[in-house]
Amino acid sequence: MVKRINLIMASVVLCSQSCFSVLPEFSLFSQLSDGTYCHRVNDLSADGTIVVGQRTINGYFPMPFWLSKDVGLRDVGNTTYAGVAYGLSPNGTTVVGQITNVITEETSAYKWTQADGLILLGYLGTQTGSYWSSSYGASYDGSIIVGRSTGSNGNEAFLWTASEGMVGLGHLDKNITLGRQSGAYAISADGSTVVGYSGYYNLLNGKDIEPFLWNEQRGMIGLGHLPGGDSDGYATCVSSDGSLIAGYSSSFLGREAFIWREETGIAGLGIPANEGFRSTMASRMSADGNIIVGWGHIVDSHLSEAFIWDEVNGIRNLTNLLENEYGLDLMGWRLRDASGISDDGKTIIGWAERIDGAFHEQGYYIVTIPEPSTLLFLSGGFLCLRRIGNKLHKSFGLNCT
């Protein structure tokens, strides 16, 4: 029988000892402290101490949650609202996501803080028929929120502030209005740069979706596609100052993760050597943009693999990195996605899966790793590995299996 959601938390801690040892931790968890199952974790605070996601109540009811190692578990909604937490402000105070009123069936973007509780953000324009909106990202202090909403202009990216409410960001000019859409997935910590996607998708004209950046001075600017790609692309994350953007684009490889800089434009993250998979989606990046995490597809398979990328080492399979370079025993678990990263790039969250005759479904992990420059230094014969005890599950109030 399939064993339900497990939370994997791992830590690799760099110590200043004579052998310059890396001390890895690996812990497997199954339940939150109240006995409910964690269904998904989606984002992480800047300091790596707070996670947000979705847990399952009574075996089926999805409840967004906020989890701090210092404060413990807090529900974002209640039994009237089912939903998910997609994002967290870097300072850890503000949760954003999508929530549905189970009575009216209206789905709305929201923000949540411990101080103010759940606040629904509403919709763009005057709505008739279906109501729908979702929030995905927040500035450092949570004062600016981005997402997408139905409206008179179709699905449209929005920016929300307490003073002005929800404001539409428009669409890229594709000369086609049928099936027009846009959405904002992330905002820089300083609030200056919004990133997402825009274009159209309809049966008559087909599909043309392009990643974009938006700021107040320049408006919405398309980032283009990778070579060989011209129909699909999303920008999903941005550095703290807005100078680096990542996401995915169609390319001659299919879908490929990309990084964008003003001076060089869009560039693919490439294919890792001898890893058996290619990058598909960049999910998050460190504050300076020097480390990117996400997931890729195994060649000739539907299975995914989590990756980590930096300029020095390029793109690497995260499971293989932990097992082969750090000497960690992951007990048959494969890290399928990396969905969050701390500002310093050392703490990563995501989901995992174990296959041992039966599929053990989504698990979640946190892993702390050295910086890229440290990895190069240690690989020159100075790497000493030593397993140490389980600590993180106590910090986050989780029950260890």
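The values are calculated or read from the model by the stated rules, or taken from the named source; none is laboratory data. The model shown is predicted, which means the values in this text are computed figures rather than measured ones. Positions of Cβ are backbone-derived with ideal geometry, glycine not excepted, and every protein chain shown enters the neighbour counts.
Summary of values
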quantity	calculated
In region 145-188, the residues that are closer than 28 Å to Ser240 by Cβ, of a type in the set (Ser, Thr, Tyr) and surrounded by 18 or more Cβ atoms within 10 Å (Cβ to Cβ)	Ser149, Ser182, Tyr185, Ser188
Search result, residues across region 166-218 that are of a type in the set (Gly, Ala, Ser) and closer than 20 Å to Ile145 by Cβ	Gly168, Gly170, Ser182, Gly183, Ala184, Ala186, Ser188, Ala189, Gly191, Ser192, Gly196, Ser198
Total residues in region 270-302, condition outside any strand (DSSP E or B) and closer than 15 Å to Ile341 by Cβ	5
Of all residues making up region 231-269, the number that are surrounded by fewer than 20 Cβ atoms within 10 Å (Cβ to Cβ) and part of a loop (DSSP other than H, G, I, E, B)	8
Qualifying residue in region 86-98 (condition: in contact with a Pro (Cβ under 9 Å, 6 or more places away or on another chain), over 19 Å from Gln181 (Cβ atoms) and either in contact (Cβ under 8 Å) with a residue 12 or more places away in the chain or β-branched (Val, Ile, Thr) (or both))	yes
Filter pass, Gly125 being farther than 23 Å from Leu44 by Cα, under 25 Å from the mean Cα position of the chain (by Cα) and either part of a loop (DSSP other than H, G, I, E, B) or touching a residue at least 60 places away in the same chain (Cβ under 8 Å) (or both)	no
Ser250 within 21 Å of the chain's Cα centre (by Cα) and under 21 Å from Ile341 (Cα atoms)	no
Answer from Ile298, Ile348 - the residue that is within 27 Å of Ser240 (Cβ to Cβ) and touching a residue at least 12 places away in the same chain (Cβ under 8 Å)	Ile348
Members of region 194-214 that are of a type in the set (A, V, I, L, M) and surrounded by fewer than 20 Cβ atoms within 10 Å (Cβ to Cβ)	Leu203, Leu204
Count of residues meeting criterion [among the aromatic types (Phe, Trp, Tyr) and either under 15 Å from Tyr136 (Cα atoms) or in a loop (DSSP other than H, G, I, E, B) (or both)] in region 70-106	1
Test result for Glu262, within 28 Å of Ser139 (Cβ to Cβ) and among the charged types (D, E, K, R)	yes
Flag if Gly191 is surrounded by 21 or more Cβ atoms within 10 Å (Cβ to Cβ) and either modelled with pLDDT of 95 or more or part of a strand (DSSP E or B) (or both)	no
Among the residues listed as Trp160, Trp112, Trp132, the single one being closer than 22 Å to Gly48 by Cβ and of a type in the set (Phe, Trp, Tyr)	Trp112
Per-region count, region 38-69, residues of a type in the set (S, T, N, Q), part of a strand (DSSP E or B) and at pLDDT below 90	3
Subset of region 128-144 that is surrounded by fewer than 20 Cβ atoms within 10 Å (Cβ to Cβ) and more than 15 Å from Tyr86 (Cβ to Cβ) - its residue that is nearest to the chain's Cα centre (by Cα)	Asp141
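So that you can scan it fast, the table gives a plain yes or no per residue for (1) among the aliphatic types (A, V, I, L, M); (2) farther than 24 Å from Tyr86 by Cβ:
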| position | (1), (2) |
| --- | --- |
| Thr236 | no, no |
| Ser240 | no, no |
| Ser243 | no, no |
| Gly247 | no, no |
| Arg255 | no, no |
| Thr264 | no, yes |
| Leu269 | yes, no |
| Pro272 | no, yes |
